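Everything on this sheet refers to the single structure shown next.
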Amino acid sequence: EIQAVAGTNWDIVGFDPRGMWLSEPLANCSSNITSDGILTARLRSVPRVTDKYFDDLIKSGKELGEQCEQIIGGEMDAGPFMSTAITARDMLSIAHAFAETEDGERASRPSNLLNYYGLSYGTFLGQTFASMFPKSVGYMVLDGVVDPVGYVTTYISQSLFHLDGIIASFFIYCHKAGPSECSYYTGSTPKDIYERFNRSFMKLDARKAEAENWANA
């Protein structure tokens, strides 16, 4: 798909960042319990409308992060070398290596520059590369941009600023549309529709289901 947009005169290069997929050593931060009991954090899916969801998410993330620090990178202790900044340096190495190939030597544009297409986290990686090596940036497309400050601090808060408003808009517009246009319509106010939704959603709370021994827990 990318080749169709970029054109056949461009090579498409993909690689696994350190610690991921086929790179070695792998970063081991799964939340499964190991035989020696090191990893015990479990993250359950609970309704995202409640404050409890975010409290549980943050708590589980902290627990898992503390455990990850102990084992990430395996026996080689490679964890400190699996950062975004290190990955940016790897991309620079890839660009320089290409420049030394026959294709790189006959390229019509400077082959030592990085031409990059990043999505989601890839936008943070692209921003990191550009801030570290501004003179090595060729063409760069960042799609679905991650806020870099939010990402390196709490991250989740930056993605939640408009969440309440977005969720609330459904109930407001459903009420405006009326029962003929919105099948979820109930009562006489947007709050009535919300309360119907919330009653249904609370039944999806896995922890509550387990605690109360629901049949479908």
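The values are calculated or read from the model by the stated rules, or taken from the named source; none is laboratory data. No experiment lies behind these values; they were computed from the predicted model shown. Note: ideal-geometry Cβ built from the backbone for every residue, glycine included; neighbour counts use all protein chains shown. Side chains are part of the model used for accessible areas, which takes the heavy atoms of the whole protein and leaves out ligands, DNA and RNA. Shrake-Rupley method; radii C 1.70, N 1.55, O 1.52, S 1.80 Å.
Select, from Gly79, Gly122, Gly150, the only residue that is within 17 Å of Phe15 (Cβ to Cβ), open to solvent by less than 30 Å² (accessible area, probe 1.4 Å) and either among the hydrophobic types (A, V, I, L, M, F, W, C) or under 20 Å from the mean Cα position of the chain (by Cα) (or both).
Only one candidate passes the filter, namely Gly122.
Quick one: would you say Glu66 is surrounded by fewer than 16 Cβ atoms within 10 Å (Cβ to Cβ) and either over 28 Å from Ile12 (Cβ atoms) or hydrophobic (A, V, I, L, M, F, W, C) (or both)?
Yes.
Would you check which residues across segment 87-111 are part of a loop (DSSP other than H, G, I, E, B) and open to solvent by less than 70 Å² (accessible area, probe 1.4 Å) and list them?
Thr101, Ala107, Ser111
Check off (1) in contact with a Cys (Cβ under 8 Å, 6 or more places away or on another chain); (2) at pLDDT below 75; (3) not in a loop (DSSP other than H, G, I, E, B) for Cys68 and give me the number that stays unchecked.
So the condition that Cys68 fails would be (2).
Within segment 137-175, restricting attention to residues that are out of contact with any Pro (no Cβ under 8 Å at 6 or more places or on another chain) and among the aromatic types (Phe, Trp, Tyr), which residue is modelled with the lowest pLDDT?
Here the answer is Tyr155.
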